[in-house]
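The values are calculated or read from the model by the stated rules, or taken from the named source; none is laboratory data. Owing to the predicted nature of the structure, the values given are computational and were not obtained by experimental measurement. A quick note on method: Cβ atoms are made from the backbone with ideal geometry, for glycine too, and the neighbour counts reach across all protein chains shown.
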Amino acid sequence: MSPQEQQSILSIALLAAFADGNKADAERESIRQIADTLGQEPGGAGLTRLYQDVLLKRVSLNDAVSGLQDAGQRQLAYEMAVCVCDADGRQSPAETAFLNDLKSRLKLNAVETAAFEREADAVVEAAEVAVPRAAPAAAAAAAVPAPARDAELDKSILNYSLLNGALELLPQSWASMAIIPLQVKMVYAIGKAHGVELDQGHIREFIAAAGVGLTSQYLEQFGRKLLGGLLGKAAGRTVGGIGRAATGMAFSFATTYALGQVAKRYYAGGRVMSTDLLKQSFQDLLGPAKQMQAQYLPQIQQKAATLDAGQIMNMVRGGGVV
């Protein structure tokens, strides 16, 4: 894939990120930082300028689409745009309109596109029930000794991290969409263990307060895969080998692990950490968590080899134990 084709796909992903016009300043800043970071990697030159061009409307959807001639790359661009629009839940009317316009301009294979849309919709629907509606957890939480509770939570956080790392090895492009719902489910379980009953809105606000943007998380993972040559022209279904996918695994594993550990500190401490302290704590944990990924690579590989679509949906819905 040429640099021009990479930039066209990234432009479409960025246009999708801003399609609803409702991104908060923090999320916009997170996306800008990702563009800066990716721009420093091999093959990433010009991404900061690309971000500015998209934000200031100096590049149009038609410009981006015209840079893609290969049918597989066009399908990949659409799939990534859907993932970005679905990152924070159900699509807004503006996002749906953007995707319909994009699909029309890309002239995609109707059968293949419909199959992907069914898979993506299933993940979004499953995510809506990722957080169960349960009775207040305070009494049950108080009955569990703190050391036993912490040990069980550490085990659970590691398992969620291994699972999200494994999702990055799967060939289906929609698999990465399950990462955020699983992070939401993880934070819910941590809060419940400390006697705090949470809902989807609070959890997503907490994740954002820690500095983990929902849309930007997809954009970073996707951008690293694209610039690293991990996304082939068959619409994301020819992901590179295990060694080449290490960056993606490290990102998803580490983000999930650091988020889980921050959540454990936050709810154990009575939810008094400021936003600045949450972000600093997350960043302090992120580096060591990335280094842990190499230690757990065999488990991540093993888990990826056993995952299928049904298992992923069941875990996202809350029916599976992670």
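Mind listing whichever residues of the stretch 47-65 are modelled with pLDDT of 80 or more and either farther than 15 Å from Gly223 by Cβ or polar (S, T, N, Q) (or both)?
Within the stretch 47-65, Gln52, Asp53, Leu55, Leu56, Lys57, Arg58, Val59, Ser60, Leu61, Asn62, Asp63, Val65 meet the criteria.
Which count do you get for residues in the stretch 165-220 that are under 30 Å from Ala114 (Cα atoms) and either assigned to a helix (DSSP H, G or I) or out of contact with any Lys or Arg (no Cβ under 6 Å at 6 or more places or on another chain) (or both)? Reasoning before the result, please.
Step one: list which residues in the stretch 165-220 are under 30 Å from Ala114 (Cα atoms), which gives 165-185, 200-201, 204, 213-220.
From what is left, the residues that are either assigned to a helix (DSSP H, G or I) or out of contact with any Lys or Arg (no Cβ under 6 Å at 6 or more places or on another chain) (or both) are 165-170, 172-185, 200-201, 204, 213-220.
Summing the residues that are under 30 Å from Ala114 (Cα atoms) and either assigned to a helix (DSSP H, G or I) or out of contact with any Lys or Arg (no Cβ under 6 Å at 6 or more places or on another chain) (or both) in the stretch 165-220 gives 31.
For the list (1) farther than 21 Å from Asp154 by Cα; (2) surrounded by fewer than 22 Cβ atoms within 10 Å (Cβ to Cβ); (3) touching a helix residue (DSSP H, G or I) at 6+ places or on another chain (Cβ under 6 Å), I need the number of the one condition that Ala208 fails.
Status for Ala208: all satisfied but (3).
The conditions are (1) surrounded by fewer than 21 Cβ atoms within 10 Å (Cβ to Cβ); (2) modelled with pLDDT of 90 or more; (3) not assigned by TED's automatic domain parsing to the domain that holds Gln302; (4) not hydrophobic (A, V, I, L, M, F, W, C), and Glu112 fails exactly one of them. Which is it?
Failed condition: (2).
Is there a residue being closer than 27 Å to Ala209 by Cα and modelled with pLDDT of 70 or more anywhere in the stretch 36-46?
Yes, because at least one residue in the stretch 36-46 is closer than 27 Å to Ala209 by Cα and modelled with pLDDT of 70 or more.
Taking the stated definitions as given, is Lys155 at pLDDT 90 or above, assigned by TED's automatic domain parsing to the domain that holds Gly270 and assigned to a helix (DSSP H, G or I)? Give the steps one after another, and end with the answer.
Working: at pLDDT 90 or above: yes; assigned by TED's automatic domain parsing to the domain that holds Gly270: yes; assigned to a helix (DSSP H, G or I): yes.
So Lys155 fits the description; yes.
Just need a number here: residues in the stretch 67-96 that are loosely packed, with under 15 Cβ neighbours inside 10 Å, in contact (Cβ under 8 Å) with a residue 12 or more places away in the chain and outside any loop (DSSP other than H, G, I, E, B).
1
Cβ-Cβ distance below 7 Å, separation of 6 or more or different chains: which pairs start in the stretch 296-315 with a residue that is hydrophobic (A, V, I, L, M, F, W, C) and end on one that is surrounded by 13 or more Cβ atoms within 10 Å (Cβ to Cβ) and not in a helix (DSSP H, G or I)?
Short answer, once both residue conditions are applied: Ala304/Leu169; Ala304/Leu170; Leu307/Leu170; Met315/Val322.
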